[in-house]
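Next up is a structure, given as structure tokens.
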Amino acid sequence: MDIFKLIFSRRTIRRFLNKKIDRSYLEKMVQLGALAPSRVNMQPWEFIIVDDKKLKRKIFKNILWGSKNSINKVFADPQYAPAAYIAILVNAKIRDVGYEYEIGACAENIMLYAWSLGIGSVWFHALNREKIISLFQIPTEKIFDSLIGLGYPAHTSKIAKFSNNNYLYSIDESLNLIVPKRDIKTLTYYNIYGHFK
Ligand SMILES: Cc1cc2nc3c(=O)[nH]c(=O)nc-3n(C[C@H](O)[C@H](O)[C@H](O)COP(=O)(O)O)c2cc1C
């Protein structure tokens with residue numbers, strides 16, 4: 001897939017097939033995550049690859065699906081849980097504040113490479129964090145940032161026209177996602193702010 005199509009077609013996937021992901025793919029994902037740009041090349045990240053069945057089950061129970069969008073409860077079905085996870089940690093000795101930019105770039109590398117392999121992803125920030133930290137036995141000098149859920153998609157996700165300021169994604173009758181995206185023409189100016197082409 002060319003890079004335009006890859007980025008254009010990556011959407012968050014929230015229900016996954018019961019199909020294993022090769023550990024070698026997960027290792028390549030973190031390898032590419034760790035090659036993201038970082039301030040002064042500080043590379044503050046560390047990763048935990050999770051493919052153990054028992055641990056995955058415990059993690060899934062600690063995902064908070066958010067109340068902002070009422071459809072999210074549909075995704076809490078363990079039958080469609082991610083096939084693997086990658087936890088992203090920050091080494092607080094390297095950087096303990098302002099690391100979100102590099103973690104964002106790192107996570108995007110992981111999710112885009114996964115998608116190039118046909119593996120969908122969802123970036124989880126809304127989690128029972130205390131519980132996750134204890135499940136992973138993360139030492140105090142390491143910050144748990146977030147978790148990426150990964151798996152072969154059990155649904156599609158389509159971009160829809162953005163209107164009435166409604167940014168909430170929805171689902172169709174087959175539980176495929178519909179994700180409104182703002183029209184880039186309304187967000188881009190030429191040379192002077194407010195000047196459209
Ligand atoms: C910083 C960040 C945190 C996110 N946290 C969650 C989360 O906790 N749970 C979730 O289901 N999706 C989460 N997402 C995914 C967004 O909901 C998703 O990217 C958004 O709805 C747009 O959909 P798309 O990725 O398909 O374009 C998060 C995304 C970002 C960038």
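The values are calculated or read from the model by the stated rules, or taken from the named source; none is laboratory data. All of these numbers come straight from a predicted model, not from anything done at the bench. Cβ atoms come from the backbone with ideal geometry, glycine included; neighbour counts cover every protein chain shown.
From the list Ala107, Ala154, exactly one residue is under 16 Å from Val30 (Cα atoms), surrounded by 13 or more Cβ atoms within 10 Å (Cβ to Cβ) and modelled with pLDDT of 95 or more. Which is it?
Details: Ala154 fails: under 16 Å from Val30 (Cα atoms).
Of the residues listed, the single one that is under 16 Å from Val30 (Cα atoms), surrounded by 13 or more Cβ atoms within 10 Å (Cβ to Cβ) and modelled with pLDDT of 95 or more is Ala107.
Being under 22 Å from Thr140 (Cβ atoms) and among the aliphatic types (A, V, I, L, M), is that true of even one residue in the range 56-65? Explain how you work it out, then say what you get.
Just the residues of the range 56-65 that are under 22 Å from Thr140 (Cβ atoms), to begin with: 58-59, 62.
From the residues that got through so far, the ones that are among the aliphatic types (A, V, I, L, M) too are 59.
Scanning the range 56-65 turns up at least one residue that is under 22 Å from Thr140 (Cβ atoms) and among the aliphatic types (A, V, I, L, M).
Being in a helix (DSSP H, G or I), in contact (Cβ under 8 Å) with a residue 12 or more places away in the chain and either in the same structural domain as Val30 (by TED's automatic domain parsing) or more than 11 Å from the ligand (Cβ to nearest atom) (or both) narrows it down to one of Ile138, Ile148, Ile110, Ile94, so name that one.
After applying the criteria, what remains is Ile110.
Under 7 Å by Cβ, and 6 or more places apart or on different chains, what pairs join a residue from the range 173-197 that is on the phi > 0 side of the Ramachandran plot with one that is surrounded by 10 or more Cβ atoms within 10 Å (Cβ to Cβ)?
Final answer for the pair search is Leu175/Arg15; Leu175/Val74; Leu175/His155.
Here are Asp52, Asp145: which of them is crowded, with 16+ Cβ neighbours inside 10 Å and not hydrophobic (A, V, I, L, M, F, W, C)?
Values: Asp52 fails: crowded, with 16+ Cβ neighbours inside 10 Å.
Answer to the check: Asp145.
Which residues, taken from the range 6-56, are part of a loop (DSSP other than H, G, I, E, B), small (Gly, Ala, Ser) and within 16 Å of the ligand (Cβ to nearest atom)?
Here is the first cut: in the range 6-56, the ones part of a loop (DSSP other than H, G, I, E, B) are 10-11, 13-15, 17-22, 34-38, 42-44, 51-52.
From what is left, the residues that are small (Gly, Ala, Ser) are 34, 36, 38.
Passing the criteria: only Ala36.
If I filter the range 59-74 down to residues being polar (S, T, N, Q) and within 11 Å of the ligand (Cβ to nearest atom), which single residue comes out as farthest from Asn176 (Cα to Cα)?
First, pick out the residues of the range 59-74 that are polar (S, T, N, Q): 62, 67, 69-70, 72.
Next, from what is left, pick out any that are within 11 Å of the ligand (Cβ to nearest atom): 69, 72.
Details: Asn69: 15, Asn72: 12 Å.
My answer is Asn69.
Please determine, by comparing only the residues of the range 3-31 that are over 13 Å from Tyr85 (Cβ atoms) and hydrophobic (A, V, I, L, M, F, W, C), which one is surrounded by the most Cβ atoms within 10 Å (Cβ to Cβ).
In this case the residue turns out to be Ile13.
To continue, here is another question. Do you know which residues across the range 151-176 are under 25 Å from Cys106 (Cα atoms) and not in a loop (DSSP other than H, G, I, E, B)?
Gly151, Pro153, Ser157, Lys158, Ile159
Quick check: is even one residue across the range 118-125 free of Cβ contacts under 8 Å to residues at least 24 places away in the same chain, in the same structural domain as Lys61 (by TED's automatic domain parsing) and out of contact with any His (no Cβ under 9 Å at 6 or more places or on another chain)?
In the first step, residues of the range 118-125 are kept if they are free of Cβ contacts under 8 Å to residues at least 24 places away in the same chain; the result is 125.
Those left that are additionally in the same structural domain as Lys61 (by TED's automatic domain parsing): 125.
Checking which are out of contact with any His (no Cβ under 9 Å at 6 or more places or on another chain) leaves us with 125.
Yes, the range 118-125 has at least one match.
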